[in-house]
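Encoded as structure tokens, the structure appears first; notes follow it.
The values are calculated or read from the model by the stated rules, or taken from the named source; none is laboratory data. Keep in mind it's a predicted model, so treat the numbers as computed, not measured. As a convention, Cβ positions derive from the backbone with ideal geometry for all residues, glycine included, and neighbour counts pool all protein chains shown.
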Amino acid sequence: MGGGKIVGILIFVVVVVSAAGGGGENHHHQQQKWWKWMSSTSAAMVNPVVSSSIVLPLYGNVYPLGYYYVQLNIGQPSRPFFLDPDTGSDLTWLQCDAPCVRCTTAPHPFYKPNNDLVPCKDPLCASLHPAGYKCESPEQCDYQVDYADGGSSLGVLLNDVFHFNMTSGARMIPRLSLGCGYDQLPGQSYHPLDGVLGLGRGKTSIVSQLHSKGAVQNVVGHCLSGRGGGFLFFGDEVYDSSRIVWTPMAHDRMKHYSAGSGELIFGGKGTGLKNLFVVFDSGSSFSYLNAHTYEGFISLLKKELNGKPLRETKDDYTLPLCWKGRRPFKTINDAKKYFKQFALSFGNGWKSKAHFEIPPESYLIISSKGSVCLGVLNGTEAGLQNVNLIGDISMQDKMVIYDNEKQAIGWMSANCDRPPKSSNMIM
């Protein structure tokens, strides 16, 4: 979820028990009220074309909007919903009129649930709960997800039809599980969307579910344009693997897409800031470094700016650190010449060290006041402890691929303005 969205990352699951005091009883009673508006006809699944992918346009930007979103068509009849594509969490959920206990403003009418509930003993439900979780109501799967910015969603898992167009030209309408979220608390970086699209590594993730139905390879990727918009894809037909810089996923952090231990490189030189646990999180607008690394980065940046016609400004609150030029900056092109590229280097890249390069336009924004502001923030202050997070700002104008088949993360510079139409239109 965007904004200062630290979110999506460090999602953890809380057991929802009806006896959980306070609101628990209330939630439990709400859970029983299912709408019976939909017939039980199950959607036929088109014979999957495994050499096909799904490509979805993205909308939004890092600044001033603060988030990207994707439109998914769900239900019968199909209705559009805007979701936050989040590689930092697994569960896809919609704000849901079950009825809604607490919901936030959304672009579309709240999702109307059907009565195709996922039972508590289903493996998808089990994956949302700690081992040994006792089912309060065997016929349904209660969930609660909490995000790092303090936001949360509480609800019930159900199945419904998703409508996808494949790059092969086929249409696919699989039944997938999603959360009917009837009690949402907005976090600090709240955005007016219909829900979250979970793209993480877990079983409930949409790409995992599509893969388990034989529809696509278990690969998800995105291409965020610095000019706004971009595209999201499931499957591996959209890129030429030989042109991608690959690095293995860290195995000790099963929940998140992490390239493991990285080193901060500044202006092409090592900084001595090493052993950084780095996570890729499309659910976060900005990037975050742990306190020690952040302080080191800031001092390198300030040293570099010494003697340049920029001065730190205290009257622009867009981000914690902003600079004014001799006159207001109109575009990032006016300011980027004063700043150096930095990179995160992963020593276990398959061919050699894998460098994730972050040029000035992928860590700076021009604020509405014409200052240039730093889109890398102190993650320890934001509640991320020691995690270093690559957010949307630093993934702009790159195709970033999370290949769960090969257990690898890859990237390449790309033009993200035009979604590929078919497998032969490689970037």
Subject >> residue 155 being outside any helix (DSSP H, G or I), within 19 Å of residue 197 (Cα to Cα) and touching a residue at least 60 places away in the same chain (Cβ under 8 Å) >> reply: yes
Original post:
If residue 376 passes every condition in (1) within 14 Å of residue 342 (Cα to Cα); (2) surrounded by fewer than 22 Cβ atoms within 10 Å (Cβ to Cβ) but one, which one does it miss?
Top reply: (2)
Original post:
If you take the residues of segment 158-180 that are over 16 Å from residue 84 (Cβ atoms), assigned to a strand (DSSP E or B) and aliphatic (A, V, I, L, M), which of them is nearest to the chain's Cα centre (by Cα)?
Top reply: 176
Original post:
Quick one: which strands (runs of 3 or more DSSP E) sit completely within segment 315-425 and have at least 1 residues that are of a type in the set (Gly, Ala, Ser)?
Top reply: 342-346, 354-358, 408-413
**OP:** Would you please name the residue that is nearest to the chain's Cα centre (by Cα), looking only at residues in segment 58-109 that are surrounded by fewer than 23 Cβ atoms within 10 Å (Cβ to Cβ) and among the β-branched types (Val, Ile, Thr)?
**Re:** 70
**OP:** From 149, 84, 90, grab the single residue that is charged (D, E, K, R), part of a strand (DSSP E or B) and in the same structural domain as residue 206 (by TED's automatic domain parsing).
**Re:** 84
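Every residue, every condition in (1) touching a residue at least 12 places away in the same chain (Cβ under 8 Å); (2) closer than 18 Å to residue 395 by Cα; (3) not basic (Lys, Arg), yes or no:
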position: 243; (1), (2), (3): yes, yes, no
position: 249; (1), (2), (3): yes, yes, yes
position: 264; (1), (2), (3): yes, yes, yes
position: 284; (1), (2), (3): yes, yes, yes
position: 313; (1), (2), (3): yes, no, yes
position: 319; (1), (2), (3): yes, no, yes
position: 322; (1), (2), (3): yes, no, yes
position: 338; (1), (2), (3): yes, no, yes
Original post:
Being of a type in the set (Ser, Thr, Tyr) and in contact with a Cys (Cβ under 6 Å, 6 or more places away or on another chain), is that true of even one residue in segment 229-240?
Top reply: no
**OP:** Filter segment 210-248 for residues that are over 20 Å from residue 171 (Cβ atoms) and among the hydroxyl-bearing types (Ser, Thr, Tyr) and give the result.
**Re:** 225, 239, 241, 242, 247
Subject >> Candidate set: segment 302-334, residues that are surrounded by 11 or more Cβ atoms within 10 Å (Cβ to Cβ) and among the polar types (S, T, N, Q); chosen: the one nearest to the chain's Cα centre (by Cα) >> reply: 318
